[in-house]
Every structure is written in structure tokens, then in C-alpha cells.
Amino acid sequence: MTDSSAGEGANGKIDSRLAKLSLAALGVVFGDIATSPIYAIRECFHGKYGIAVSQVNVMGILSLMFWALVMIVCMKYLLFVFRADNRGEGGVMALTALVRGQNVSSKNMHVRGVIALGLFAACLLYGDGMITPAISVLSAVEGIGIVTPVFDPYVIPITMAILIGLFLIQRHGTARVGGLFGPVILIWLCFLAVTGAVQVARTPQVLTAIFPWHAVRFLVLNKLHGFVVLGAVFLVVTGTEALYADMGHFGTRPIRLTWFVIVLPALVLNYFGQGALLLGIPEAANHPFYAMVPSWAMMPTVLLTTLATIIASQAVISGAFSMTRQAIQMGYLPRLDIRHTSAIQIGQIYVPPVNWMLMVCTVALVAGFQSSSKLAAAYGVAVTSTMIITTVLFFVVARKRWHWPLMWAAPLAGLFLLVDVSFFAANLSKILHGAWFPLVIGTAFFTLMLTWAKGRRTLADNLRKIMPPIHQFIVDLSSHPPNKIEGDAVFLAGSRSAVPVALAKNVKHNHVVHSRTILLHFRAEDLPRIPSLEKIQTEKLGGGFYRIVVHYGFMEDPSLANVFSLARGQGLDLNPETTSFYIGRGNLVIAEPSSMAHWRASLFMFMSRNSADATSFFRLPADRVIEIGVQLEI
């Protein structure tokens, strides 16, 4: 009896935890893809390349949407790509780190090319982070104009006010309101299912759209026009990358369970419901989503829709913050001010420069495009590009890391590429209608990341040429010993083996060293998190010198308190309140000749000058920090 009760209790706890994670995943993971019904069907029949409303076309569009959800979300991501996790973390940056881990030196041109592709895919998601809030919130607020035309002049100002408010509250974090996200999206999905089911019950023949021959017949009959409409069909899978990116927050089981049990049925019912409505009322194509709602429920529907799109936008914005932190930890962006907004959830962060950039660009998009239909014409190229690159990275991991036979990996990747490339080609026509914007944003970030990585390598190479190895430095000091003073000094070291410039300058000009001198080197690894037992390595170098190498993952923030605690366990007892911290403040100048192009060197210097200072980034005690100015060539 006792054992049975204990087993039931354990199962109850597991089920309760799974239910809570699944509910949370609804609000964070599925917000974007769950709001696509607001505009996806409309764009197929009323958008830039809208096609005539007929039974063949409606059934064909519904079939294409259904199989897009099955092939891309169910098969590609949930079934296969989810297997490519980096210690539980997902997303294109984690996948890139997984590929980079195959060849740390990255001297192989093929490996470097694949890594560059992964970085570019991550950069494209910044453009997505600008368009998604704009199109989602604007499409929701446009419902006000359907309630009464009197509100038409206020749609754009209201949308801009909501978006500005959304970005202004980011600094307070989502910890307080995060608990509401899941229940609201659950209510939203129930609303989608009910409104769709009512229409399907009236025209049940739309359910036959699950058979793929409707999609084939549509493409055959409509030829080029039908192929171009695929660009609008693709809107049903917007936000799919979020499923993979947020895998580490919730795990694969809650995301898969929530998708198959709640999200997929609700989306299919609503899309099919809109299709059933169009078969009876073709003139409703200008906004079939709102046409399914009774007039008495229109205003509550607009409010619920607006709230759902705000939640969807929040997920994209938070994703941009997380991706920025990962890029910083992996050495592709300079240090930025990263603020933690929750004492419980480490993933909840706020990055002010990224927030303000997203706000300005998102508001500008609304002001420039003026309608969600025009914004939809700008959406798709960047996301389909990211999906193609994800497939390529998945293939590399399957072959190199999992050692899948080519006869298995190639056909699977080929099938995914066939779908991805088809949607990509269909979206190419959007480039002249605004899709160039996320491509420009992605290219700009890609240039910044490559420039920063190249500049850091160049600077490290130049330092190795002018600074002796630490062991040689200690030998030289023993020959000409400087004055020793009591106390501990920690010098931040950019390299494990070379002498920190601040230490060399201090000895040269002040002719002193501390009784204990610690060289502290932080090393970011291509893993999301490093276990505490593997996080630091301490080494006694002789002559009062010690070296601490700190390993941390791209989902972690370096913590000095944690480092000192772990060092104490390895026999090196340091007190941050009595230790002096020395940092080299570099004054960069362009070398003649320089291994970098002049414009790239200038860009690197600009990024370096505007990066967050090491004191705040590594959380050093400000009153114990001593900065030494040094001139370095780049």
C-alpha cells in the first residue's frame, strides 16, 4: 500500500509539473504561431498576390496550410531537429555552437562556411523580431476598424502606442506578468477552436482538405500564381523557430505534448473554419478571421486578439535578448549591458540597446507600411532563409556528430530542403515589397558579428607577438625581482598563456608585484552551461603567481562570487573585499599595415569603445578596481 501510494504521489508530481510547463510553454513558445490565423488566410485571398475565392482554391489553400504545419512543424522540427540539442538548449545559435564544437580551431573552410551560415541565420531573426510585433499588433488593432469605420484613423496611432508601451515595460521584466501568458493563450486557442468548429460544422466537406491532392490540384491549375501564393501560405508557420529556440526553457516533452494536444487542433480548426466561411461568403475575404465572430462579440474579440499579439511579440523580443547574450558569450558581439529581471528565472534578461533598436525599427515599420497586409508582403524571406540554414546545420550534425549514414541523412535533409526552398522561392517576389528590410538588418548584424570576431582574433594575435608567455615573464622577474607588497591582486587576462598588458605595465612603471598575483581568464565554451565541478581550473605558477581559468557556457553569466567560492574549494582562498582587481583599458589605434580593412578596423574600434566595461560585466567590486591605460594596435 505504501509503495503504491508513493508511486502515485511521484506520478502526480510529475504530471503536475508537466502540466505547469506545458501551460507556460503555451504563452512563451506558441504565442507567435498561434496568432497567425488573424492574417494568414486573408493574405492568400486578399493580399498583394491574393487569388480568387473558389472551391478549388479554398480547398487547395487549406490543404497547403495543413501539410505545411505537418511537414515543417511536426516532422522537421518536433520529430528531427529537436534531437539536435546542445546540452538541452536549442535554437540556431546553439546549433551553430554544436557545429563549431566539431572543429574548435575552425580552420577547415567548410566548417567555417557552415558556422558563418548559422550566424547569418541568427542575424536574420533580428529582422523577424522587428516585423513580428508590428504585423501581429497591427492586424489585431485593425479589428477596431471593422467594429466601426469611425476608428479607422486611430488604428496606426493606437498600434504605435501599444508597441511603444510594450518596449517601455521591458526593463521591468516579464516575471510578474509571465504567469498570465499561458492562461491567456490557452483561452485564445480555445476561442480559435470554437469559432472554427462552428463554421466547420456548417460546411463539413472542408475537412477533406487534409488530403494532399487538393494542394496538388491547386498548384497545377493556378501555375505561377498558385506558386507565388505559397508566400502567404508560409505565414501559418511563422514562429516555428521559437519552438526550437525555447526548447531549453521547457524541454521537448511539454512542447510536443502541447503542440499535438492543443495548438495544432486549434489552428487547423480555425483555418478550416475560415475556409468554410469563404465557401459560403466569398466577400468575407478582406478579413475572414473577424467575419467568423458575431457582431455582439466583436469588441471582446479585438481586445483578446490584441492581448494575444502582445504576448506573441513579447516572446520574440525576449528571444532577441537571449540570442544577443549568446552571441556575446560566444565572442561575436561586444559586451553589452545585460540586466536580469527575475531573481528566480535566469533566462529573463533585459538588454537596453537591443530593446531601443527593436522599438525604433518596429514603430518605423508600422508608420512606413501602414497596414498588416503590406507588412505581410515583407515577411517570409528572412524566416525561410533561416529554415534552410537550420536544415543544412542539422545535416552536418547528423553526419559529423551522430555519424548517420549518408543514405539516411541525405534523403531526409533533401525532403526538408525541398519544402524550405519552395517556400523561399515563393517569397522572393516579396523582396521589392519590403522583404529587403529584414535582409538588410540581418546583413548589418552579420557584418558586426564577423567584424567583432575578426578584431578580437587580430588583437589577440598582436598581443601574443609583443607580450611574453607567462612562464618566461616569471623567470625574468626572478632575475630582476621588483618590490613585493602584501595583498592579493587579480589581473583579468584575455589569454590563458600570455601576460596581461595591465600586469606588464604595472611592473614596468610601478616596479611592484603583490605577494599573490592571480591571472583570471574567462573562457566561453560552445556549451550552454558548464557543471560546477568543471567550471574552474586553478594552477600555481610559482613566484607568487596563480592562474584561474573559468569556463562558462553561452547561456551563463560569469559570476565572480561563484569563481571565488569554487577557487576556495581548490585551495586558493581569496576575499573580494580585500583583493585589488586590475583591468587594462585599451586605447586602440589602426596599425600600418593592418590585417583588417580600414573600415572594419574603424568599426571594431567603435564597437569596442561602446561596449560595457569589464567591471560591470564581470560584476567586479567597483571600489576595488584599478584601470591601467594601454595603447594597442589593431
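The values are calculated or read from the model by the stated rules, or taken from the named source; none is laboratory data. Quantities reported herein were computed from a predicted structural model and do not represent experimental measurements. When we count neighbours, we look across all protein chains shown, and the Cβ atoms used for this are built from the backbone with ideal geometry, even at glycine. Calculation scope for accessible area: heavy atoms of the full protein, side chains included, ligands and nucleic acids excluded. Shrake-Rupley method; radii C 1.70, N 1.55, O 1.52, S 1.80 Å.
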Leaving out ligands, DNA and RNA, what percent of the accessible area of region 179-299 is carbon and sulfur, probe 1.4 Å?
-> 75
Which lysines does Lys454 reach when only Cα atoms under 27 Å apart count, and residues fewer than 8 places away in its own chain are ignored?
-> Lys107, Lys400, Lys465, Lys505, Lys535
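Among His521, His598, what's the order by accessible area (1.4 angstrom probe), most exposed first?
His598, His521
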Compute, for Arg171, the solvent-accessible surface of its heavy atoms (probe 1.4 Å) with the complete set of protein chains present, and express it in square angstrom to the nearest 10.
-> 140
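Quick check: net charge around Met555, other residues with Cβ under 11 Å of its Cβ, Lys/Arg +1 and Asp/Glu -1?
-1
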For region 487-634, radius of gyration divided by Kirkwood radius, i.e. Rg to Rh on alpha-carbons = 0.98
Given the Cα-Cα distance of Asp461 and Ala410 and 0.36 nm per residue of separation, how much length would full extension add, in nm?
-> 14.4 nm
Between Ala367 and Arg217, how many nm apart are label points set 7 Å from Cα along the C-beta direction?
-> 5.0
Residue-span extension gain [Leu303 to Ser478] - 0.36 nm each, minus C-alpha spacing = 55.5 nm
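Give me the percent relative contact order of region 348-422, please, defined on Cα pairs under 8 angstrom at least 6 residues apart.
Once divided by the residue count of region 348-422, the mean separation gives 26 percent.
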Amide H contacts under 5 Å for Leu588, placed H, 5+ residues apart | Leu632
Over the chain, what is the relative contact order in whole percent, taking alpha-carbon pairs under 8 Å and six or more residues apart?
-> 20
Please give the FRET efficiency for Leu541 paired with Ile164, using the beta carbon to beta carbon distance and R0 = 41 Å, rounded to the nearest 0.05.
-> 0.15
Could you work out the helix-only [θ] at 222 nm for the chain, with each DSSP H run of four or more residues adding -39,500 (n - 2.57) and the total divided by the number of residues, to the nearest 500 deg cm²/dmol?
-> -19000 deg cm²/dmol
For the chain, diffusion coefficient by Stokes-Einstein and Kirkwood Rh (Cα), 37 °C, 0.692 mPa s, µm²/s | 123
Over the heavy atoms of Thr443, what accessible area does a 1.4 Å probe trace out, to the nearest 10 Å²?
-> 70
Would you mind checking which residues have amide H under 5 Å from Ile518's amide H? H placed 1.01 Å from N; only 5 or more apart, or other chain.
-> Ala489, Val490, Phe491, Tyr546
With bins of 10 Å, the percent of all Cα-Cα pairs of region 215-269 per bin from 0 is 19, 36, 26, 17, 2
How would Lys400, Lys76 line up by accessible area, probe 1.4 Å, largest first?
-> Lys400, Lys76
Among Thr390, Leu307, Met292, whose Cα lies farthest out toward the positive end of the dipole of the chain, if unit charges sit on the beta carbon of Lys, Arg (+1) and Asp, Glu (-1)?
-> Thr390
Two-site FRET efficiency, Arg609 against Leu533, from Cβ-Cβ distance with R₀ of 30 Å, rounded to 0.05 | 0.20
In sequence order, what are the phi-derived ³J(HN,Hα) couplings for region 436-443 according to the Karplus relation 6.51 cos²θ - 1.76 cosθ + 1.60 with θ = phi - 60°, rounded to whole Hz, with x for glycine and proline?
-> 5, 4, x, 5, 5, 4, x, 5
Obtain the nm distance between the two label points defined at Leu632 and Ile210 by a simple spin-label model: each point lies 7 Å from its Cα along the Cα-to-C-beta direction.
-> 6.1
Solvent-accessible area per residue for the chain at a 1.4 Å probe radius, Å²?
-> 43
State the extension gain, in nm to one decimal, for the chain segment bounded by Val360 and Gln570, taking 0.36 nm per residue of separation less the distance between their alpha-carbons.
-> 70.7 nm
Would you tell me the accessible area of Arg217, worked out with a 1.4 angstrom probe on the heavy atoms of the protein chains, in Å² to the nearest 10?
-> 110
Under 28 Å Cα to Cα from Lys374, which lysines show up? Leave out anything in the same chain fewer than 8 places away.
-> Lys48, Lys223, Lys430
As straight-line cross-link partners of Lys76, the qualifying aspartates and glutamates (C-alpha separation under 12 Å, not fewer than 8 residues apart within one chain) are Glu241, Asp420
